[in-house]
Structure formats: C-alpha cells, structure tokens
1. Can you tell me the relative contact order of the chain? Whole percent, Cα pairs under 8 Å, sequence separation 6 or more.
2. Give the span of the chain's Cα atoms along each principal axis, as three whole-Å numbers ordered largest to smallest.
3. Calculate how steeply helix 10-20 sits against the longest principal axis of the alpha-carbon atoms of the chain, using the helix alpha-carbon long axis, and give the answer as 0 to 90 degrees to the nearest 10.
4. Between residue 73 and residue 27, how high is the FRET efficiency from 1/(1 + (r/R0)^6) when r is the Cβ-Cβ distance and R₀ = 22 Å? Nearest 0.05.
5. Per the helix-only calculation at 222 nm, which mean residue ellipticity applies to the chain, given -39500 (n - 2.57) for every DSSP H run of n ≥ 4 and division by its residues, nearest 500 deg cm²/dmol?
6. In degrees, nearest 10, range 0 to 90: what is the angle between the Cα axis of helix 51-73 and the longest Cα principal axis of the chain?
7. Going by how many other Cβ atoms sit within 10 Å of their own, how do 32, 48 line up, fewest first?
8. Go through 53-59, 34-40 and give me the packing order, highest mean Cβ count within 10 Å leading.
C-alpha cells in the first residue's frame, strides 16, 4: 500500500486530501485507504474498480499528500 513516507494523524491527512485532491472519486479512495484503513480490494469493490486501478490512484496521489503534509508540519 502506498502511503506517505512518515507517520501522520488522521486530521492533517483529511485536510491534505481535501486540499490537494480535486477528483471526488480519488478523494474518497484516499480517505478509505489512508484514514479508514481499508484494503485495495474492499475499496475497489465499493468504487466499482479493480485493485490495480486503486493502486494506480494511490501511487499517483500519495506523493502530493506527502509533500503537502511535509510543508504543513515543518
């Protein structure tokens, strides 16, 4: 699972997702994975996607969240 490279709390992560991610589906996928702790399989079933598609969405967006959180926490 692709996650930011450092420990984070849910509140700043929720804020980062809201600020950085402009696609509604991607926001929900990231919340389910990073805040709710759901597996890619469970998210894929909910979103009517494949686990591979969920992985790609995570890989694309996690670096944006990582960068936002680093700037906010420094």
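Quick note: the coordinates plus some simple rules give every number you see, no bench work behind them. Computed from a predicted structure; not experimentally measured. As a convention, Cβ positions derive from the backbone with ideal geometry for all residues, glycine included, and neighbour counts pool all protein chains shown.
1. Relative contact order here is 42 percent.
2. Over the chain, Cα extents along the principal axes are 37, 22, 18 Å.
3. With rounding to tens, the tilt is 80 degrees.
4. For R0 = 22 Å, the calculated efficiency reads 0.60.
5. Only helices count here, giving -20500 deg cm²/dmol.
6. Approximately 10 degrees, to the nearest ten.
7. 48, 32
8. 53-59, 34-40
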